[in-house]
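All of the numbers you see were taken from the coordinates with simple rules; none came from a lab. Note that the coordinates shown come from a computational prediction; the quantities given were computed from them, not determined experimentally. Here the Cβ positions follow ideal geometry from the backbone for every residue, glycine too, while neighbour counts run over all protein chains shown.
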Amino acid sequence: MRLRAKHLGLRLSTWAVLLFLHFPIFIVALYAFTTESSAFTFPPPGLTLEWFEVAWNNGDVRDALSLSLRVAATATVIALILGTMAAAAVWRRKFFGREAVSLFIVLPIALPGIVTGIALRSAISIGGIPFSFWTIVIGHATFAVAIAYNNVAARMRRTSPSLLEASADLGANGWQTFRHVLLPQIRPALVAGGMLAFALSFDEIIVTTFTAGNQQTLPIWMFTSLVRPRQRPMTNVVALFVVALTFIPIVLATRLTRNTEGTTG
Amino acid sequence: MTAPAVSLVGVVKRFGDVTAVDGVTLDVLDGEFFSLLGPSGSGKTTCLRMIAGFEAPTEGWVLLHGDDVTGLAPYQRDVNTVFQDYALFPHMTVEENVAYGLMVRGVDKSERAKRVAEALDMVHLGGFGERKPGQLSGGQRQRVALARALINRPKVILLDEPLGALDLKLRHAMQIELKSIQRDVGISFIYVTHDQEEALNMSDRLAVFNHGRIEQVGPPQEVYETPRTEFVAGFVGISNVVPAILAEALTGRAEAFTVRPEKISLHVTGAPAPNASTCDVGGTVVDVVYLGMFTRYAVEVAHDTTLEVVRQNLDAPHRERGLLGATVHLQWGRDACRYLSEGSTEENQGGEL
């Protein structure tokens, strides 16, 4: 009896914590459909889909969305290429500073975004580089590379180096070995790492604040429109969209890395 | 005379301060089943990897059919390897694995399919082509790895302890099969193993490695019957070393020699009278190990010398077990004594430059 009571308490507190964490998201979702444009009453006086249309037709939102998608896609591609190359080097070669390279690549994840942001902003200013699409991409690539590297490196550690030797032994040159043996082995890691990097880049705000000029990515647009509460439900609509676009890749990426165990041998 | 299939000439390999291979010179003939036998860390696998091209020698040359390939990459060498962990590509089917060498060389599809079927038949895996390596047993993976090497019709196939992961029964079956496949295709096999029994029953010739050097090269029977060094005597089969003092008492010659356990006969009573062509020594049985077909006895003949004797279980074994502690006589022919000093005076092929 006492045991069951203890379990009940544990269960209730678990649900309470989960509710506390996720209820605000539910509120955001709910107020994307409200009929009020600026006031905030609970419960919403009525439900409507008109804000979806308003958001879709808003030029600023469209520009911001397009910029965010392009930044995320570019940063992801750069991250996958550099991350894979770095992981391969650390995996197969022994060189001076190998452990240090590994640490420095992963460091941006641990570093507070605000530090990365300030550092990058100073570097960009000192270098006299104009703030642009590319400065945002560089900012995002710092952590996207780390994610791609981590995923690919973990996968490579589970890949037997004798697979590469077997391929070379059977007459394949370096490129053929990469294409037919290594790439299929690390593909799940590339997809998972790519999706994670994309999702994180898409909703990044701190580093972006420091590396963007006049451009507004979607999160920055949301942040500024919260300060000026006109058409607040439209912001909620955009927020829902951001949630969907980051949530789905992360769920897929988690599934992908989970289901690829035990494929060696 | 045609050039050997593989020649190592004065090959040295150092990894930092460690000398893995310390001056190996070796010829493997065309169509020969050649084993590199030695304990782990003796340099045999490193030699194999230098023939394949995965490691570059620090000094010396590697020749394939007389051509210097020392500086060539693995994919430029006409040799194929069967890896210890098989190294099958897990994302490809058995067919795709076997066809890999032909695929990367641009052999067209119909030719590929024909040769894959041939190669799979040769290793008795017809009908397994659609499976993935993960769906095969260890023995089957082993066969796929062999087929993948055979299909390229290389000059030499290198095998790195390929049977190590298999259970005893399967290992025996695969030994016979490997040998018969090798005879059929007539390709030189270079076979790395630390299992002396495997090396003895498969090889045409074998090289015994120790500390990065070759101790002895020869056919199995020669290596077993006339070991040139104490190491070879001890590593290939069980060997009794009779120290110089005891040797002098037995034969009048003050030099250490070895004698194989199966050459010694054990007499509890009624030993024939010793003569000039036999050695005779008394001792106490200190250990009896029943091995099914045989029983192995350890007999202490001097306070620091114990000789091992193997006796076939012709009699009912329960009686033999009672020999523990008994006083017995050991006899063997003098021609069974191998004086270790004689080995080193003869020409020792490949041991040193």
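For a quick check, take a GNM of chain B with Cα springs below 10 Å and name the residue from B:249, B:145, B:199 with the largest mean-square fluctuation.
Of B:249, B:145, B:199, the most mobile in the Gaussian network model is B:249.
Per DSSP H run of n ≥ 4, the term is -39500 (n - 2.57); total these for chain B, divide by its residue number, and report the mean residue ellipticity at 222 nm rounded to 500 deg cm²/dmol.
Working: 11 runs with 103 residues, N = 353.
Theoretical 222 nm ellipticity from helices: -8500 deg cm²/dmol.
Mind listing the long-range amide H neighbours of residue B:70? Cut-off is under 5 Å, sequence gap 5 or more, other chains count too, H placed in the peptide plane at 1.01 Å from N.
Residues meeting the criterion, in which the H sits 1.01 Å from N, are B:62.
Check which residues have an amide H placed less than 5 Å from residue A:171's amide H, if you skip close sequence neighbours.
Hits under the 5 Å cutoff: none.
Could you tell me which of rounded, prolate or oblate describes region B:261-340, using a ≥ b ≥ c as the square roots of the eigenvalues of the alpha-carbon gyration tensor, with rounded for a/c under 1.5 and, failing that, prolate when a/b is larger than b/c and oblate otherwise?
Details: a/c = 1.57, a/b = 1.51, b/c = 1.05.
Prolate.
Is it possible to state the helix-based mean residue ellipticity at 222 nm for chain A, with each DSSP H run of 4+ residues giving -39500 (n - 2.57), the sum divided by total residues, to the nearest 500 deg cm²/dmol? What is it? The partial results should precede the final answer.
Values: 12 runs with 200 residues, N = 265.
Theoretical 222 nm ellipticity from helices: -25000 deg cm²/dmol.
Can you sort A:66, A:160, B:42 by how many other beta carbons sit within 10 Å, fewest first?
Values: A:66 12, A:160 17, B:42 24.
Exposure proxy ranking, most exposed first: A:66, A:160, B:42.
Please list 3J(HN,Hα) in residue order for region A:27-33, calculated via the Karplus relation 6.51 cos²θ - 1.76 cosθ + 1.60 where θ = phi - 60°; whole Hz, with x for glycine and proline.
4, 4, 4, 4, 7, 6, 10
Using θ = phi - 60° and the Karplus relation 6.51 cos²θ - 1.76 cosθ + 1.60, list the HN-Hα couplings for region B:233-240 in order, rounded to whole Hz, with x at every Gly or Pro.
Here the 3J(HN,Hα) series is 4, x, 7, 8, x, 8, 9, 9 Hz.
Quick check: the distance between the Cα centres of region B:243-263 and region B:82-148, to the nearest angstrom?
Measuring centre to centre over Cα atoms gives 54 Å.
Give me the dipole magnitude in Debye, nearest 20, for the protein assembly as shown about the Cα centre, with unit charges on the beta carbon: positive for Lys and Arg, negative for Asp and Glu. Walk me through the numbers before you get to the answer.
On the way: 54 positive and 57 negative charges, 650 e Å.
Rounded to the nearest 20 debye, it is 3120 debye.
Would you work out which of B:327, B:251, B:237 lies farthest towards the positive end of the dipole of the protein assembly as shown, given +1 charges on the beta-carbon of Lys and Arg and -1 on that of Asp and Glu, about the Cα centre?
B:237
Apply the Karplus curve 6.51 cos²θ - 1.76 cosθ + 1.60, θ = phi - 60°, to the phi angles in region A:217-226 and return the couplings in whole Hz, x for Gly and Pro.
These are the phi-based 3J(HN,Hα) values: 7, 4, x, 5, 4, 4, 4, 6, 6, 5 Hz.
Taking a ≥ b ≥ c as the square roots of the Cα gyration tensor eigenvalues, with a/c under 1.5 meaning rounded and otherwise prolate when a/b beats b/c, else oblate, which class fits the protein assembly as shown?
Verdict is prolate for the protein assembly as shown.
Exactly which chymotrypsin sites (Phe, Trp or Tyr not before Pro) in region A:76-146 are in a DSSP loop and have at most 13 other Cβ atoms within 10 Å?
Working: sites: A:91, A:95, A:96, A:104, A:131, A:133, A:134, A:143; in loops: A:95, A:96, A:131.
Those that pass, being in a loop and sparsely packed, are A:95, A:96.
Which residue fluctuates the most in chain B, going by a Gaussian network model with Cα springs under 10 Å, if the choices are B:22, B:184, B:108?
B:108
Treating cross-link reach as a plain straight distance, find the lysines whose alpha-carbon is under 20 Å from the alpha-carbon of residue A:94, omitting any fewer than eight places away in the same chain.
Reachable lysines: B:13.
Who wins for biggest fluctuation among B:148, B:253, B:171 in a Gaussian network model of chain B, springs between alpha carbons below 10 Å?
With Cα springs under 10 Å in chain B, the top fluctuation among B:148, B:253, B:171 is at B:253.
Could you please rank A:6, B:179, A:94, B:44, placing first whichever residue has the fewest other Cβ atoms within 10 Å of its Cβ?
Details: A:6 10, B:179 17, A:94 6, B:44 30.
Least crowded to most crowded, the residues run A:94, A:6, B:179, B:44.
Could you put B:305, A:35, A:76, B:258 in order, starting from the residue whose Cβ has the fewest other Cβ atoms within 10 Å? Spell out each step's value before the answer.
Details: B:305 16, A:35 12, A:76 27, B:258 22.
Exposure proxy ranking, most exposed first: A:35, B:305, B:258, A:76.
Give me the dipole magnitude in Debye, nearest 20, for chain B about the Cα centre, with unit charges on the beta carbon: positive for Lys and Arg, negative for Asp and Glu.
Numbers: 33 positive and 46 negative charges, 216 e Å.
That gives a dipole near 1040 debye.
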